[in-house]
1. Could you give every pair whose Cβ atoms fall below 7 Å, whose first residue belongs to the range D:325-353 and is in the same structural domain as D:E308 (by TED's automatic domain parsing) and within 22 Å of D:P126 (Cβ to Cβ), and whose second residue is open to solvent by 20 Å² or more (accessible area, probe 1.4 Å) and β-branched (V, I, T), counting only separations of at least 6 or pairs across chains?
2. Name every residue in the range A:9-29 that is facing chain C (nearest Cβ under 7 Å) and surrounded by fewer than 23 Cβ atoms within 10 Å (Cβ to Cβ), in order of residue number.
3. What number goes with the only condition from (1) at positive phi; (2) crowded, with 19+ Cβ neighbours inside 10 Å that A:G148 does not pass?
4. Note down all Cβ pairs under 6 Å where the first residue falls in the range C:38-60 and is in contact (Cβ under 8 Å) with a residue 40 or more places away in the chain, the second is among the acidic types (D, E), and they're at least six residues apart or on different chains.
5. Among the candidates B:D68, B:D152, B:D74, B:D117, single out the residue that is more than 30 Å from D:I16 (Cα to Cα), open to solvent by 30 Å² or more (accessible area, probe 1.4 Å), out of contact with any Cys (no Cβ under 9 Å at 6 or more places or on another chain) and not aliphatic (A, V, I, L, M).
6. Looking only at residues that are among the polar types (S, T, N, Q) and either over 15 Å from the mean Cα position of the chain (by Cα) or within 8 Å of chain C (Cβ to nearest Cβ) (or both) in the range A:38-51, which one is least open to solvent (accessible area, probe 1.4 Å)?
7. Show me the helices (runs of 4 or more DSSP H) entirely contained within the range B:102-190 in which 1 or more residues are within 20 Å of B:F84 (Cα to Cα) and within 15 Å of the chain's Cα centre (by Cα).
8. For the range B:46-53, state whether one or more residues are surrounded by fewer than 23 Cβ atoms within 10 Å (Cβ to Cβ) and outside any strand (DSSP E or B).
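The values are calculated or read from the model by the stated rules, or taken from the named source; none is laboratory data. From a predicted model like this one, the values you see are computed outputs, not experimental measurements. FYI the Cβ positions are ideal-geometry reconstructions off the backbone, even for glycines, and counts take in every protein chain you see. Accessible surface is based on the protein model in full, side chains and every heavy atom, while ligands, DNA and RNA are left aside. Shrake-Rupley method; radii C 1.70, N 1.55, O 1.52, S 1.80 Å.
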Amino acid sequence: CTRGALRYVTTANLYNRWGDLEDLFVPGLGGCQGCNTELIMRHTLRRVGSNTVLATPPGCIPGMGSVGYNGMLGCKVPVFHPLLTNTASMLTGIRRQYKRKGRNVTALALAGDGGAGDVGFQSLSGAAERGEQILFICVDNEGYMNTGAQRSGSTTYGAWTATTPIGESARGKTQDAKNLPLLMMWHGCEYVATASTAFMEDFYAKLEAALDASQRGFAYLHLYSPCTSGWRFPSASNIEVARKAVETNFAVLWEYRRDQGLKLSRDIEDPAPVTEYLKLLGKFRHLDATQIAHIERHVAEQAQVLRELARMHPREGRQVVGHQSDLMA
Amino acid sequence: MFEMRLHGRGGQGTVLAAGILAKALVAEGKHVVAVPQFGFERRGAPVAAYLRASETPMRAMTNIYTPDCVVCIDSSLPRVVDIFAGLRAGGMLVQASRLAPQDIAVPPTVATVAVCDAVGIAREVFGRPITNTVMLGAFARATGLVSLEALDRALEETSFRDGGLVQNRRALALGHARTVVHRIGQREAA
Amino acid sequence: MKKQAVPLFDASAIPKTLCPIATEYSRMLPGDWRSLRPVVDRRKCVKCAVCWLYCPVQCVVERAGWFDMNLATCKGCGICARECPQRAISMVPEEDEEMT
Amino acid sequence: MAPDHDAVVARKEPKILVCDANEAAAWGVVLSRPDMVAVYPITPQSSLAEYVAQFVADGVLDAELVEAEGEHSVLSVLHGAALAGARTYTASCGQGLAFMFEPYFRTPNLRLPIVMSIVNRDGITPQCVWGGQQDAMTVREVGWVQLFCETVQEVLDTIVMAYRIAEDRSVMLPVNVNHDGNYLSNGIVRIELPEQAEVDDFLGAPDVNWHAALDPKRPMGVDPLTGGATGPGPALFVGYRRGHCEGMQNALRVIVEVHEEWARRFGRRYAPLVEEYRLDDAEYALVTIGSMAGAAKDAVDAARERGEPVGLIRIKTLRPFPLDAMVAALDKVRAVGVVDRAVSYGWNSGPVHQETLAALQYCPHRVPCLSLIGGLAGADLTQAHFERAIAETARLLVSPCPREPVWLNAEDR
């Protein structure tokens, strides 16, 4: 049996299950060619369905027209621009008011890493602490891409951005990215997970779990989203970049349930060299050996932290759920 | 119009006492304005509250600078705060103290001294020196401006973070019963 | 296609000077962004749906025996061609297509 | 218009409360039956938040209470709730308002009829926690309706009235009910509590999101990108700006109507826009705003006893600016002294002084207008201060108007 054939069974399953559902964004959105974020948005909303209020804080997501332009709408569910800073708070008010009126409406956020983890972090943290029944999805493209690819708290060490340029005395960002999903886990959310579009079945499973958890408390999904324009790679390589990030442990897939602790979603014991990932991206082209060593060390440390956390799993111990990783590797 | 100032320490319920007194006065048909002195209320730190009562409505929402009466619900406070500042000639002091009224040092503006061992009563009732309701009883006894019954009813409408209604009622009654009023009169004429 | 969307709010009675709202679907179609066009080789397509799974604009449409692209919305990113396990999709320059 | 109650209906004895304006505001909230209240504590607003929380805990108020992690989120929660149809309330002041500014200055443009108390507090720095109106004055160009109360009773009554004003379909704007920190927020007096049934009848059901909603049953995009230099953008944008200005102007009429109806139903009459006190036969007047008017009126009475022809103008509605009412009042006198509890740095005077100067442009005759500033950071404005203000204003009749403001508390000790 070829790997292709198995993969085809899996992907066709997803299609058979969800492909017939109406895409709840309009056919034309202004995302860049090959935009991973647009891919995430369309799959997410199709799955979450129309009994939803969607918040899209400023960034690429509304920038591509989700909320609309001059009276024309980009989305088939009620959708709005929160401020960059208050997504989780506005959703708090919405969800609680409908609950008060006896209606079960999904409160969904599709936010960038800035609106989730930088300037948006206070409201996100507050809502998570209060256990608001919100499904908050952070689409992490590691920077402020809608404004021209500037540095954010999620930008990788060493990366070029418009505000961490390369010059005589500067070689990109000088700090590591903050680990936002782990920070959210420590809030004691109902559900926290990381996912990637290169592992769609895993993503769909986590979306389903998050949606379910958001009926009880705060659910946070962190989606790793390569940006063809800001990271400088050809649009056709998008899924390849996403896949390589996971295979090198640069982006580790895991999930946390409040009552079960953290589990790794796939085997991370034998990662491909991080350089295989770094070399795909223009934003890393200038890296010197020291910088590469720094990133390698950081990736290894993060993996080790997650390994330890998974070992502390209160019920089942460390567990690898890797059905897709085998198929898609 | 009658103007008074209450002195106490944070945690003794000085501001709350002004509120309870205001309720009682209103119940007896008076008009009131009660304004606390503004600052951070910290346990032990000196605090004050102002209260104005009148037969007719008042408009000014201001502090009081020349009170007719000073009520001091803490026995050690006069050592650190000039509780007599601005007191009108012929004014009254209602003081929490174990001393006899004659033994309390007062400026010549004071014509009447009323004394109540509020700390002793509070320890007896609450097991702690929370003297505010005790001193309301003392105030009623000393001034006759408000009835014990009205104060008692005002307590019913008050929510206490420490101490229950029953205890506070008892404190009020004991404060009223065990207050000694001394009129200086003659000395004032000098 | 299982319809999910609920009819849009009828804003005809709402003054156009209150809160900014959008109550008509955008009619923008990004097909004209494309310089490369995906062309599906029907013989190679096994309907594995990988193209559907990864197409950012979700322009993949199912035909009787193969998957095709809706060229009104396809931006020509080339992900489908890159990811197709059967190598059934090729990206063809638009101008060449026009000349044929 | 609500049904006309010609006479004040014969009522049983009103329930009497002895409380400060923070508790009175909380009772106003109870009577208005909001669906959601979000709070974050800040001096001197904190006890208001506590009263509301206690009322919810006691079941006196059936509302969702959100103890948000900061003022920015407080107002943001209410944005969401209002777009889902909720009648909402919050209160803040000073730095809280400053921190809230981002959602605050978006609220009127979303046309959300949110009612919010500002328990007026001066601005830091200097670091201070006391009353002053620098907070509300600093945000007066943002597009909220801003009402300033003189008394504790007026605070309670105005909170309820604010919902009628805010939710009026020709207005649809958020309303700030201002009451001075310290002197009103903690000043205890006797007030009357309106009957719940009568308030219910006065207010009606919430009417909050008929124009913009986030509801899966009627999908729309709320606040799409609007504007730019081409296509329909510019005209659309102007339309929204103009609509907001029109809503503010409509509010002037609605504020008057609502106050009149309140007087008819509840027997308490307040000047809705501008109060004139002993003005008809006055030669000069003080202009005041907020709770200082009490002591100022006492000073006017005392001056009248001495034969001085002074009156008083109290601004209740600062936004929208009540131009006609203000001009009518100013037209009765030959000089005014404006007492501000805040500073307009750029003009070296007070904000209300600047507003008054602008209104004087529409007066048929020239009226000299002096700026007096007092009551900053909790400073007391007593009858004595206003007697000085009266004397300074009287001087304008015989000598030129100074450009420097008079700092009323500069010599206090």
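1. So the pair list comes out as D:G350/D:V343.
2. A:A12, A:L14, A:Y15, A:G19, A:D20, A:L21, A:E22, A:D23, A:V26, A:P27, A:G28 - these are the residues of the range A:9-29 that are facing chain C (nearest Cβ under 7 Å) and surrounded by fewer than 23 Cβ atoms within 10 Å (Cβ to Cβ).
3. Tallying (1) at positive phi; (2) crowded, with 19+ Cβ neighbours inside 10 Å, A:G148 fails exactly one: (2).
4. C:V40/C:D68
5. Numbers: B:D68 fails: more than 30 Å from D:I16 (Cα to Cα); B:D152 fails: more than 30 Å from D:I16 (Cα to Cα); B:D74 fails: open to solvent by 30 Å² or more (accessible area, probe 1.4 Å).
Among B:D68, B:D152, B:D74, B:D117, only B:D117 is more than 30 Å from D:I16 (Cα to Cα), open to solvent by 30 Å² or more (accessible area, probe 1.4 Å), out of contact with any Cys (no Cβ under 9 Å at 6 or more places or on another chain) and not aliphatic (A, V, I, L, M).
6. Applying the first criterion (among the polar types (S, T, N, Q)) to the range A:38-51 yields A:44, A:50-51.
Right, trim to either over 15 Å from the mean Cα position of the chain (by Cα) or within 8 Å of chain C (Cβ to nearest Cβ) (or both) and you get A:50-51.
Numbers: A:S50: 25, A:N51: 75 Å².
Within the range A:38-51, the match that is least open to solvent (accessible area, probe 1.4 Å) is A:S50.
7. Details: elements: B:118-126, B:132-143, B:148-156, B:165-177, B:186-189.
Those helices (runs of 4 or more DSSP H) span B:118-126, B:132-143.
8. Looking through the range B:46-53, none of the residues is surrounded by fewer than 23 Cβ atoms within 10 Å (Cβ to Cβ) and outside any strand (DSSP E or B).
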